[in-house]
């Protein structure tokens, strides 16, 4: 069984995204760490801020870690 994130898609509502299909962005422009994802149902890009504890758990579940992109707040 693989780990997944339960997140809110703006189009589909609550969805589960496998951790390997998301990424953690530390120290984004807003200063918060966030998990970025694409909805597995509709493909819409989204993100959710995570606290330090959640970030550690996601890293333990092998979520990819990325540096923030300058000038962008949404995943590609």
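Compared with the rule-of-thumb size 2.2 N^0.38 Å for a compact globular protein, the range 24-69 has a Cα radius of gyration ratio of 1.13.
Okay, which of the range 1-17 sit inside 15 Å, backbone N to the point 7 Å along the Cα-Cβ direction of residue 42? Taking a point 7 Å out along Cα→Cβ of residue 42, the residues of the range 1-17 whose backbone N falls under 15 Å are 7-16.
Values in this text are rule-based calculations from the coordinates and carry no lab data. In this text the structure is predicted, and so the values were computed from the model without any measurement. Quick reminder, even Gly has a Cβ in these numbers, built from the backbone with ideal geometry, and neighbours come from all protein chains shown.
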